[in-house]
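**Q** Got a structure for you, written out below as structure tokens; questions coming shortly.
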Amino acid sequence: MSVHKHIFLIGFMGSGKSTVGTLLAERLNLPFLDSDREIEKKKGKSITEIFSQDGEAVFREMEMEFLEKLESIEPSVIAVGGGLPVNENALPLMHEMGLVIYLNTSLLTLLKRLREEKAQRPLLRDIDDAEFHPFVEDLLSRRVHFYKQAKLIMPNERNSPNELVERLEKELIKLNF
Ligand code: S3P
């Protein structure tokens with residue numbers, strides 16, 4: 001029997017956590033949860049609205065509340081927002097409850113994806129084009145140290161989501177998940 005209960009996917013915005021998480025959950029026949037979507041359901045509004053109406057601090061508290069409730073649910077695949085692992089209590093809790101996997105995507109790939117989705121992302125939507133690259137680079141560099149505390153680091157670069165899920169499944173077998 002595996003010691004891991006949940007599978008957590010962590011990584012920067014745009015690293016593919018939701019896409020890969022959905023596919024992985026299907027393959028493993030487990031429920032899939034996304035912290036942002038669960039918080040939106042609970043609040044009845046979008047992440048962008050929560051940031052602008054309630055403030056980022058309220059959102060960060062809701063992320064931790066979401067994490068703490070996972071103790072009592074069935075084993076699941078869980079994609080967590082890119083900022084959640086920065087909370088000092090988050091990674092210890094995730095390690096306690098499951099296997100933490102970092103989807104490691106290069107700055108250049110992230111920039112390409114995020115430029116197209118900028119409007120839907122409260123942390124990025126007000127950043128000027130000229131500031132976009134340095135802003136993302138700086139935020140990523142301040143977070144990588146947290147992401148790298150994952151048990152498993154999976155590059156998610158020039159592969160399709162299905163290819164990555166196949167590689168992940170092999171790694172999970174090696175880890176007796
Ligand atoms: C955030 C990432 C987003 C979302 C919010 C803040 C962050 O989630 O939680 O916009 O601080 O990196 P994704 O990483 O799922 O895009």
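**Q** Check ALA150 against each of (1) within 21 Å of PHE51 (Cα to Cα); (2) not in a helix (DSSP H, G or I); (3) not charged (D, E, K, R) and name the one condition it does not meet.
**A** Every condition holds for ALA150 apart from (1).
**Q** Any residue at all in region 22-30 that's assigned to a helix (DSSP H, G or I) and either within 13 Å of the ligand (Cβ to nearest atom) or touching a His at 6+ places or on another chain (Cβ under 6 Å) (or both)? Explain how you work it out, then say what you get.
**A** Start the filter on region 22-30 by keeping residues that are assigned to a helix (DSSP H, G or I), which leaves 22-28.
Pick out the ones that are also either within 13 Å of the ligand (Cβ to nearest atom) or touching a His at 6+ places or on another chain (Cβ under 6 Å) (or both) and you get 22.
Within region 22-30 (the criterion being assigned to a helix (DSSP H, G or I) and either within 13 Å of the ligand (Cβ to nearest atom) or touching a His at 6+ places or on another chain (Cβ under 6 Å) (or both)), the answer is yes, since at least one residue qualifies.
**Q** Sticking with this structure for a sec: Restricting attention to region 71-80, which residues are surrounded by fewer than 21 Cβ atoms within 10 Å (Cβ to Cβ) and within 16 Å of the chain's Cα centre (by Cα)? Step through it out loud before you land on a result.
**A** If we filter region 71-80 for residues that are surrounded by fewer than 21 Cβ atoms within 10 Å (Cβ to Cβ), which is where we start, we get 71-76.
Listed by number, the list holds a single entry, SER76.
**Q** Something else now. Every residue in region 95-119 that is in a helix (DSSP H, G or I) and touching a helix residue (DSSP H, G or I) at 6+ places or on another chain (Cβ under 7 Å), please.
**A** Within region 95-119, the first condition is being in a helix (DSSP H, G or I), and the residues that meet it are 95-97, 107-119.
Passing the criteria: MET97, LEU107, LEU110, LEU111, LEU114, ARG115.
**Q** Something else now. From the list SER106, SER72, pick out the single residue that is small (Gly, Ala, Ser), within 27 Å of GLU163 (Cβ to Cβ) and more than 14 Å from the ligand (Cβ to nearest atom).
**A** Details: SER72 fails: within 27 Å of GLU163 (Cβ to Cβ).
Unique residue meeting the criteria: SER106.
**Q** Exactly one of these conditions fails for SER15: (1) more than 12 Å from the ligand (Cβ to nearest atom); (2) of a type outside the set (Phe, Trp, Tyr); (3) open to solvent by less than 10 Å² (accessible area, probe 1.4 Å); (4) not in a helix (DSSP H, G or I). Give me its number.
**A** For SER15, the failing item is (1).
**Q** If I filter region 97-117 for residues that are in contact (Cβ under 8 Å) with a residue 60 or more places away in the chain, under 16 Å from the mean Cα position of the chain (by Cα), open to solvent by less than 70 Å² (accessible area, probe 1.4 Å) and over 21 Å from GLY16 (Cβ atoms), do I get at least one hit?
**A** There is at least one residue in region 97-117 that is in contact (Cβ under 8 Å) with a residue 60 or more places away in the chain, under 16 Å from the mean Cα position of the chain (by Cα), open to solvent by less than 70 Å² (accessible area, probe 1.4 Å) and over 21 Å from GLY16 (Cβ atoms).
**Q** Additional query: From ASN89, ASN176, grab the single residue that is at negative phi and either within 14 Å of the chain's Cα centre (by Cα) or surrounded by fewer than 14 Cβ atoms within 10 Å (Cβ to Cβ) (or both).
**A** Sole residue among the options that is at negative phi and either within 14 Å of the chain's Cα centre (by Cα) or surrounded by fewer than 14 Cβ atoms within 10 Å (Cβ to Cβ) (or both): ASN89.
**Q** Quick check on GLU63: is it on the phi < 0 side of the Ramachandran plot, part of a helix (DSSP H, G or I), in contact with a Gly (Cβ under 9 Å, 6 or more places away or on another chain) and at pLDDT 95 or above? Break it down stepwise before answering.
**A** On the way: on the phi < 0 side of the Ramachandran plot: yes; part of a helix (DSSP H, G or I): yes; in contact with a Gly (Cβ under 9 Å, 6 or more places away or on another chain): yes; at pLDDT 95 or above: yes.
So GLU63 passes the test.
**Q** Name the pairs whose Cβ atoms lie under 6 Å apart, with the first residue in region 121-141 and over 20 Å from PHE59 (Cβ atoms), the second open to solvent by 30 Å² or more (accessible area, probe 1.4 Å), and 6 or more positions between them or separate chains?
**A** GLU137/LEU107
**Q** In region 118-148, which residues are under 18 Å from the mean Cα position of the chain (by Cα) and open to solvent by 80 Å² or more (accessible area, probe 1.4 Å)?
**A** Answer for region 118-148, where residues must be under 18 Å from the mean Cα position of the chain (by Cα) and open to solvent by 80 Å² or more (accessible area, probe 1.4 Å): GLN120, GLU137, ARG142, HIS145, LYS148.
The values are calculated or read from the model by the stated rules, or taken from the named source; none is laboratory data. The structure displayed is predicted, hence computed values, not measured ones. Glycine also receives a Cβ, built like all others from the backbone with ideal geometry; neighbour counts cover every protein chain displayed. Protein only, heavy atoms only, side chains kept; ligands, DNA and RNA dropped before computing areas. Shrake-Rupley method; radii C 1.70, N 1.55, O 1.52, S 1.80 Å.
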